Each structure stands twice: as C-alpha cells, then as structure tokens.
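Encoded as structure tokens, the structure appears first; notes follow it.
The values are calculated or read from the model by the stated rules, or taken from the named source; none is laboratory data. Model, not experiment: these values are computed from the prediction. For neighbour counting, all protein chains shown are included, and Cβ atoms are generated from backbone atoms with ideal geometry for every residue, glycine included. Keep in mind that these areas ignore ligands, DNA and RNA; they rest on the heavy atoms of the full protein, side chains included. Shrake-Rupley method; radii C 1.70, N 1.55, O 1.52, S 1.80 Å.
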Amino acid sequence: MIETISEMHVEAARIQQEIKDHLGLRTSDLVFEYSNVDGKVKLDLITINPRHNQAFLFHTVTATDKVDALKKMLEYVQNYKEKENSYTIQWVAKNETELHTSYFKAGNIMDALQKLYYGRDMNTITVFSVVLNPIS
C-alpha cells in the first residue's frame, strides 16, 4: 500500500518507465495524459510518430487513482497484442500530399479510427484505407 504522496510519485514514475520500456519507445514519443472524469482518473496513453510528428491515442483506461490507472495501462501494454486486432490505416494530413501509413491495435475498425482522430478535427486528415491485418 502506498502511504505518502512521495511514494505515489515514485511508483507512478516506475510504472511509466516500465510501460515505455515494454513499448520500446523514447520518452519524447510517449505522453501520459491524465484527466478526471466523474471522480475517477482517466489516463490516455498517446504515442507520437517522429517520422510525421503526429500524435495518436494508444489506449485509454479509467481507475480510482493515478497509480491504479498506470497499473491497468501496464497490464494492457503487456497483453494487447494477443487481445486486439491489428489495423493498417493509410491517410494524408490536410494541405499535404504525402500518404502516411499508421498501424493500430483496436477491438474494431471504429476504435482504430478513433485512435487515429484522437485530439483532432476529423477534417484535418483524409483516410484512404483501413485494413484489418491478417492474424499472424
């Protein structure tokens, strides 16, 4: 049981590092965004693709506190490859011509598109294709 705020911060930092290490991402390519929703802590884990500098939602969890949210996120990160479908989305940002390809793990196509559009106006990206990848 975590007893002090200091211990909570240390535990939160440890779990965040474990999530980052498991995903194999640089600290600058991963954002832990916390908010309060109906008295609970909501954690959105956001990845930033350094190739095209776009941020996408990786996953969202809701929990009783920050450390609990991080524990739930770590559990997801450790198991998502076996539990969710893989999607390839080809898209172009508004006022650009380069076609980008991004990969998402999601329960269905709509969830994959929500991860793509997270935090942005839907009119800023044109989607050309969404493909459910074969199970490997």
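Over the chain, with every protein chain in place, what whole percent of the accessible area is carbon and sulfur at 1.4 Å, could you tell me?
Details: 4400 of 8530 Å².
The C+S portion of the solvent-accessible surface of the chain is 52 percent.
Taking 29 Å as the straight-line reach from the Cα of Lys40, the lysines in range (excluding those fewer than 8 positions away in the same chain) are Lys20, Lys66, Lys71, Lys72, Lys81, Lys83, Lys105, Lys115.
Between Glu84, Glu33, Glu96, the GNM of the chain built on Cα springs shorter than 10 angstrom shows Glu96 fluctuating the most. With unit charges on the beta carbons (Lys and Arg positive, Asp and Glu negative) and the dipole taken about the Cα centre of the chain, which residue among Thr62, Ser28, Leu74 sits farthest to the positive side? Result: Ser28, furthest along the dipole toward the positive end. Adding -39500 (n - 2.57) for every DSSP H run of four residues or longer, then dividing by how many residues the chain holds, sets the calculated 222 nm ellipticity at -11000 deg cm²/dmol. Per residue, region 3-136 exposes 62 Å² of accessible surface when a 1.4 Å probe is rolled over the protein heavy atoms with every protein chain present.
Near Lys115, once Lys and Arg are set to +1 and Asp and Glu to -1 for all other residues with Cβ below 12 Å from its Cβ, the sum equals -1.
Once the Kirkwood radius over Cα pairs is known for region 1-129, the Stokes-Einstein relation at 20 °C and 1.002 mPa s delivers a diffusion coefficient of 135 µm²/s. For Lys94, a cut-off of 14 angstrom between C-alpha atoms picks up these aspartates and glutamates, skipping any fewer than 8 places away in its own chain: Asp121.
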